[in-house]
Amino acid sequence: MRDVKHRTPTGRPHRVAELLRERLALILLFKCADPRLKEVTLTEVEMSPDLRQAKVFYVARENVDRDQVQIALDKALGFIKGEVARENLFRLMPEFFFLPDTGLDRAARLAKLFAEAGVATTSGKKDDS
């Protein structure tokens, strides 16, 4: 019986995801006409193992309405897919899902809670007294 190797995050889907994140960021920054899309930072792309689906996580700047950014991304989806298709990255175009990245919000909320509780989060020093 053959041993089945488990895929690691450094496999092909991970490499394709990083390349796609870079290309999408350039498309949003330089080729999209909607100014709401200039306020978006792509944090991560997760590709399915068969490269058919891409979850694109993004963060909008603080002073930007997140609902408007999501509407702008949904509206520009066809244009974005067309630009990715021009670069011939994929044999079959994956389906894109733009999702807000809540990790940074959670981290900020936890840091605020720790600060309110009086717990130091960034100093790794222990008090030996």
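Figure legend. Inter-residue proximity from the stretch 1-25: first residues modelled with pLDDT of 95 or more, second residues surrounded by fewer than 10 Cβ atoms within 10 Å (Cβ to Cβ), beta-carbon distance below 7 Å, spacing 6+ or different chains. No pairs are indicated. May I ask you to verify whether LEU104 is outside any loop (DSSP other than H, G, I, E, B) and in contact with a Lys or Arg (Cβ under 8 Å, 6 or more places away or on another chain)? So LEU104 fails the test. Going through the stretch 30-70 one residue at a time, which ones are within 21 Å of LEU104 (Cα to Cα) and part of a helix (DSSP H, G or I)? Result: ARG36, LEU37, LYS38, GLU39, ARG66, ASP67, GLN68, VAL69, GLN70. Remark: pairs (first residue in the stretch 42-61, farther than 15 Å from ILE80 by Cβ and touching a residue at least 12 places away in the same chain (Cβ under 8 Å); second residue in a strand (DSSP E or B) and small (Gly, Ala, Ser); Cβ separation under 6 Å; 6+ apart in sequence or on different chains) = MET47/ALA54. Residues in the stretch 82-100 that are of a type in the set (D, E, K, R) and surrounded by 15 or more Cβ atoms within 10 Å (Cβ to Cβ): GLU83 alone.
The values are calculated or read from the model by the stated rules, or taken from the named source; none is laboratory data. What you see is a predicted model, and the numbers here were worked out from it, not measured in a lab. Positions of Cβ are backbone-derived with ideal geometry, glycine not excepted, and every protein chain shown enters the neighbour counts.
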